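Read the structure below first, then the notes.
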Amino acid sequence: MIFLYIFFGILILFVLAAVLVPKQYDIQRSISINRPISEVFTYLTYLKNQDQWSPWSKRDPNMEKEFHGTDGTVGAVSHWKGNKKVGEGEQEIKGIIENERIDSELRFLKPFKSTSDAYLLTRKLSPNETEVIWGFSGTHKPPMNVMMLFFNMEKSVGADFEEGLRDLKQQLETP
């Protein structure tokens, strides 16, 4: 009988957590790049350029990549299949506002299925300095939102974004 009380107590706690724990997430990082906004933005629109600065490309140099559509335009898709560190998924450009933002949809297929919105924002700081903001947002449906209590996405993904933005800065500022 005590076992049943414990079991139902844990079950009730889990259901309450699924209802009360936040489901929305929005993670972003930024960096200043010493290049004009038009150069930075043009570089960012091309999915193929992400291989030069994405932290995930470094985690699996043998990652299989396929591109569909016209790179740098709405509808272009990059599909990747890699090791356990990068999994499998695809990124599709969903919107481009010249020199302001690039919106993408990330569709993760493995190790688990999920969809998130990604974005790159650019802001002119001076004629030769551009701020780049890299972000990622979405919703964790129950029970995944409860599992996120044990995984600090802000810290983990944020660190990946910081690494990628540092590499982007180096890529664009190196003559």
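Every number here is computed from the coordinates shown, using simple stated rules; none is lab data. All of these numbers come straight from a predicted model, not from anything done at the bench. Neighbour counts are summed over all protein chains in view; Cβ atoms, including those assigned to glycine, are modelled from backbone coordinates with ideal geometry.
Starting from the Cα of Thr42, move 7 Å in the Cα-to-Cβ direction to define the label point; list residues of segment 80-101 whose amide nitrogen is under 18 Å from there.
96-101
Count the net charge of all other residues whose Cβ sits under 15 Å from the Cβ of Arg35, scoring Lys and Arg as +1 and Asp and Glu as -1.
Values: positive: Arg123, Lys124, Arg166, Lys169; negative: Glu39, Glu129, Glu131, Asp167, Glu173.
That sum, taken over residues with Cβ under 15 Å, equals -1.
Using the Cα centre of segment 24-173 as the reference point, and only Cβ charges (+1 on K/R, -1 on D/E), how large is the resulting charge dipole? Debye, rounded to the nearest 20. Walk me through the numbers before you get to the answer.
Details: 20 positive and 23 negative charges, 89 e Å.
Result for segment 24-173 is approximately 420 debye, rounded to the nearest 20.
For segment 24-173, what does the alpha-carbon gyration tensor say about shape, rounded, prolate or oblate, given a ≥ b ≥ c as the root eigenvalues, a/c under 1.5 as rounded, and a/b over b/c as prolate?
On the way: a/c = 1.65, a/b = 1.40, b/c = 1.18.
It is prolate, given that a/c is not under 1.5 and a/b is the larger ratio.
Rounding to the nearest 20 debye, state how big the charge dipole of segment 29-69 is about its Cα centre with +1 on each Lys and Arg Cβ and -1 on each Asp and Glu Cβ.
For segment 29-69, the charge dipole is close to 180 debye.
If the limit is 20 Å between Cα atoms, which of Lys65/Lys155; Lys58/Lys81; Lys124/Lys169; Lys94/Lys169; Lys58/Lys85; Lys81/Lys113 go over it?
Values: Lys65/Lys155 27 Å; Lys58/Lys81 14 Å; Lys124/Lys169 15 Å; Lys94/Lys169 24 Å; Lys58/Lys85 10 Å; Lys81/Lys113 14 Å.
Distance filter (> 20 Å) returns Lys65/Lys155; Lys94/Lys169.
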